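A quick write-up on the structure given underneath.
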Amino acid sequence: MRSGTFFFAALAVAGLAFESLRLLENEYLFFAGYVVLQYVVLATAWNILGGYTGYVNFGTAAFFALGAYTSVALGKLVALPIPALMLAGGVISGVVGLGMGYLTLRLRGVFFAIATLALAVVVQTLITNWDFVGGSRGAYTVRPAVVPLLGSYVQYLFLVMLALAVIAIAIAHAVEGSRLGYGFATIRDDEAAAEASGVPTLRLKLVATTLSGALMGMAGAPLPYYVTYLDPASGFNLAYAVNSIAMPLIGGMTSWVGPLIGALLLGSVQQVATVSNWFGGHPEVNLLIVGVLLILFVIAAPNGIVGLIGAEARRSGRR
Amino acid sequence: MSAALLQVENLSKRFGGFMALDAINLEVESGARLGLIGPNGSGKSTLVNCLCGTLRNDTGRVRFEGAVMDGLAAHQRTRLGMARSFQLPRPFGSLTVAENLRIPLLYTVNIRRGHHVPRAEIEAREAELLGLVGLAGKAHQRPRDLSQVEMRKLELARAMAAEPKLLIADEAMAGLSHAEVDDILALLRRLNEAGITIILIEHIMRAVMSFSDRLVVLVAGRKIADGRPDDVVRNPEVEKAYLGE
Amino acid sequence: MLWDPQLLLNAIVSGLLLGGFYAAVTVGVSISFGMLDIVNIAHPAFIMLGSYVAFLLNGTFGLDPILSSIIVLPAFFALGALVYQIYYVAFERRGQESLRGLAFFFGLLFISEVGLILVFGVDYRFVEAPYIGPSLHLGFLDFPLRMLIPCAVSLAVLASLQLYLSRTFMGRAIAAVSQDPLALRLMAANPTRVKRIAFALSIATASIAGALLIVIQPVEPSMGRDYIGRVFAICVLGGMGSFPGTLLAAMLLGVIENITSTFYGPSWSPAVAFGFLLLTLAFRPAGILGR
């Protein structure tokens, strides 16, 4: 499917989903749905680097929180609409991704992964010590009184995140079918052979890192307005790193479908678990389950749910 | 005598304490058919890696068409006209056989021409190359479904897809039958007649002897002979160090 | 800002002692990552496990933590062998170590953290031992015993491992296995078995390192994460598999971390190690001693 057609089809599906949700008249659905959509963006963004090129990023939290804190910082200086904040968050996180990549992508993949861990901690420490955005005490954000477009502010945030999710998926889809997508695949398969075939591997990896980081930053930008109180502990929560790896891995890393499935599935399950108080109020059990699933899938079903469906289709096709 | 296409000056490469290549000097003229032989572990593949930029040499210099290659990444050297096949095949596992050939077309030929190669031409070229190496029926299969021999052919085809001026074939014929060896030799001769300089690294002596107009022998990282094949083969040092078939 | 020389010297001393301890923490990764090329980022999780085991034995039986860590060495060794076996069968044998192996160990890392939270809660836990508290005094220099003894134990561990690797057959096989598995086979040693023993050894060191940790300071489950950066920074800076390099890098990091903490506050501490790591990776990936 051509990129343009795909984008409009995705928009249509999203629009339909949004309107259906409005019909249910349950505000909480938008509240929870925002988190799920956020993970759709994070998982898709992670996969552009991790799934397509094979470079693992453990530092999702850094890029995500940078987007959130860019909003906090800008919010103290001037009142900006959310889409503008998203752009700012995307630029900052994209630049950080580019810089990080430039420093570490010449090394082996494992060193890049470890470096992303380091980045997350360094950025968190810097922000925790930056009093302008509240430091460890946190920062309060006041939602604007006038809600643009819709009646409820939460619905507005949901809509914005929905739009971002559509954009992220459209980008992932476009990359997959393009020359860039082929280049990414060769980097994942055999970097030395890719270089020998003329693929500028460093440049492509930098593109992937920047794009991935920027999308994560854009996902983080509305967060202060969603939670209204943001502190480093929640902004840099381990859950972001874990989920952004587990969702593509469980969903399937080779195409845009996997992260979407993984995020919708795991994200919804975690939201339901939290609301239904399945584990007696221990939020960590959420993460425990995600972790166990991650390990099970990485050992037994490396191509994720998409891979399992594909294998099943091939099996029944042969009969 | 035509101008030297490739000049290797005093090239050395160490791995820790181990001297893999020791002050190699080599000149290859445009249009030559160079055979490179030597026992296992003598440094042939290391030399290829240093020429093509996969490895960085410690001392010495590589010149291609007069331009110094130091500091250039492998992909840049490929775009300038050097292509190689890997001794142990390194296909792109998640792509089909045809798509494997598409990569050099998209990333080398594209760039060199300065504009996109049209889709139809890409597909035609893939089919042509697959036909030349005898893989025509396997275009839509994955490399993991190929035999070792077929993977070597794919390696060679992928190197050819980059439309090189210098093609380095690193043990492309290992495991091939007598007839298949002749096919590949004929293919390489045709490429050479069309103007492509070829460096053939092989253990199959009959292939090397019949193909090369010049023979270089590498033993334990040193070049011990360089000249006409008949002369080199009679060189007592070569006989002593490397008993061919 | 005036740096009081007495404060500075004491910071350096305790930094060196801390660094000695860091070497014990890192030596396991020097083996698994430096020699076996297995990116076990879950190593700190095993260390936290060691700390909590020492806490349990100390609380229930009053056992000295370091002693109890030696008693449970075989259990940790067996755990390490089990983990390697899973890693080998699932990833190494199929040649897909990099991304999936990383994800596997990452999963292990935070499953253990969450597991520890669920079992022990987020409060700090500590052990009781006669040497936690008193200090040796040399002039104005303080040598807290709770840091001196772990440092000494750590050096002993490093020295015995170094001896093992250079003097025994299995030890030399371990040193050789990453460089030349074929030659190893020819010497009638199974490379997989050698690697399994080496990895099990690296996890066994975590038992001791964990006990040393809880002697030095109270522990809580999320501390493991801070150690990832330290461990890999030291391992890379120390030149991967080299023990002397590891010790040198560990002490360097310990001193810098301590000075930063003393003069600029402890909230900057985590960034020091990770910043170190980033700088090392960016500018000197071959380590201080080079390769």
TODO: Tally the residues that are surrounded by 22 or more Cβ atoms within 10 Å (Cβ to Cβ) and more than 30 Å from A:Trp130 (Cα to Cα), restricting the search to the stretch C:246-267.
DONE: 2
Open item on the list: Test of understanding: among A:Leu264, A:Leu249, which residue is crowded, with 19+ Cβ neighbours inside 10 Å, part of a helix (DSSP H, G or I) and away from chain B (no Cβ under 14 Å)?
Closed with: A:Leu249
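Okay, residues lined up against (1) closer than 29 Å to A:Asp131 by Cβ; (2) modelled with pLDDT under 95; (3) touching a helix residue (DSSP H, G or I) at 6+ places or on another chain (Cβ under 6 Å):
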position: A:Asp189; (1), (2), (3): no, yes, no
position: A:Ala192; (1), (2), (3): no, yes, no
position: A:Ala208; (1), (2), (3): no, no, yes
position: A:Met218; (1), (2), (3): yes, no, yes
position: A:Ser276; (1), (2), (3): no, yes, no
position: A:Pro283; (1), (2), (3): yes, yes, no
position: A:Leu288; (1), (2), (3): no, yes, yes
position: A:Ile299; (1), (2), (3): no, yes, yes
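Could you name every one of the helices (runs of 4 or more DSSP H) located completely within the stretch B:15-131 that has at least 1 residues being under 22 Å from B:Leu185 (Cα atoms)? Steps first, please.
Values: elements: B:44-52, B:74-80, B:97-104, B:110-113.
So the answer is B:44-52, B:97-104.
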Task: Complete set of residues in the stretch C:64-117 that are among the β-branched types (Val, Ile, Thr), closer than 20 Å to A:Ile299 by Cα and more than 10 Å from chain A (Cβ to nearest Cβ) - done: C:Val83
Task: Residue pairs meeting the criteria (Cβ under 6 Å; at least 6 apart or on separate chains; first part of a helix (DSSP H, G or I), in the stretch A:227-241; second at pLDDT 85 or above and β-branched (Val, Ile, Thr)) - done: A:Pro232/A:Ile127; A:Pro232/A:Thr128; A:Tyr240/A:Thr60; A:Ala241/A:Thr60
TODO: Give the number of residues within the stretch B:48-77 that are within 14 Å of another protein chain (Cβ to nearest Cβ) and in contact with a Cys (Cβ under 8 Å, 6 or more places away or on another chain).
DONE: 3
Task: Identity of the residue in the stretch C:28-63, over 14 Å from the mean Cα position of the chain (by Cα) and within 20 Å of C:Gly238 (Cβ to Cβ), that ends up farthest from the other protein chains (Cβ to nearest Cβ) - done: C:Met35
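Kindly establish whether B:Thr78 is closer than 24 Å to B:Lys44 by Cα, among the β-branched types (Val, Ile, Thr) and buried (at least 18 other Cβ atoms within 10 Å of the Cβ).
Working: closer than 24 Å to B:Lys44 by Cα: yes; among the β-branched types (Val, Ile, Thr): yes; buried (at least 18 other Cβ atoms within 10 Å of the Cβ): yes.
Against the criterion (closer than 24 Å to B:Lys44 by Cα, among the β-branched types (Val, Ile, Thr) and buried (at least 18 other Cβ atoms within 10 Å of the Cβ)), B:Thr78 qualifies.
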TODO: With the checklist (1) buried (at least 24 other Cβ atoms within 10 Å of the Cβ); (2) within 9 Å of chain C (Cβ to nearest Cβ) in hand, flag the one item A:Val292 doesn't pass.
DONE: (1)
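On the basis of being under 30 Å from B:Ser147 (Cβ atoms), buried (at least 19 other Cβ atoms within 10 Å of the Cβ), modelled with pLDDT under 95 and not charged (D, E, K, R), does B:Gly38 make the cut? Explain how you work it out, then say what you get.
Values: under 30 Å from B:Ser147 (Cβ atoms): yes; buried (at least 19 other Cβ atoms within 10 Å of the Cβ): yes; modelled with pLDDT under 95: yes; not charged (D, E, K, R): yes.
The answer is yes for B:Gly38.
Among C:Phe199, C:Phe243, C:Phe274, which is of a type in the set (Phe, Trp, Tyr) and at pLDDT 90 or above? Reasoning before the result, please.
Values: C:Phe243 fails: at pLDDT 90 or above; C:Phe274 fails: at pLDDT 90 or above.
It is C:Phe199.
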Open item on the list: Report every pair of residues separated by at least 6 positions or lying on different chains whose Cβ atoms are under 9 Å apart, first residue within the stretch A:198-209 and more than 12 Å from every other protein chain (Cβ to nearest Cβ), second outside any helix (DSSP H, G or I).
Closed with: A:Lys205/A:Tyr55; A:Lys205/A:Leu105; A:Leu206/A:Leu105; A:Ala208/A:Tyr55; A:Thr209/A:Tyr55; A:Thr209/A:Asn57; A:Thr209/A:Leu105
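Yes/no matrix, rows are residues, columns are (1) under 13 Å from the mean Cα position of the chain (by Cα); (2) of a type outside the set (S, T, N, Q); (3) more than 14 Å from chain A (Cβ to nearest Cβ); (4) part of a helix (DSSP H, G or I):
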position	(1), (2), (3), (4)
C:Arg185	no, yes, yes, yes
C:Arg196	no, yes, yes, yes
C:Ser202	yes, no, yes, yes
C:Thr205	yes, no, yes, yes
C:Asp226	yes, yes, no, yes
C:Leu247	yes, yes, yes, yes
C:Ala250	yes, yes, yes, yes
Open item on the list: Please determine whether any residue of the stretch B:99-109 is surrounded by fewer than 18 Cβ atoms within 10 Å (Cβ to Cβ), free of Cβ contacts under 8 Å to residues at least 40 places away in the same chain and in contact with a helix residue (DSSP H, G or I) (Cβ under 6 Å, 6 or more places away or on another chain).
Closed with: no
Task: Residue tally, condition surrounded by fewer than 16 Cβ atoms within 10 Å (Cβ to Cβ) and aliphatic (A, V, I, L, M), over the stretch C:106-139 - done: 5
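The values are calculated or read from the model by the stated rules, or taken from the named source; none is laboratory data. Here the structure is a predicted model, which is why all the values come from computation and not from measurement. Every residue, glycine among them, receives a Cβ derived from its backbone with ideal geometry; neighbour counts consider all protein chains shown.
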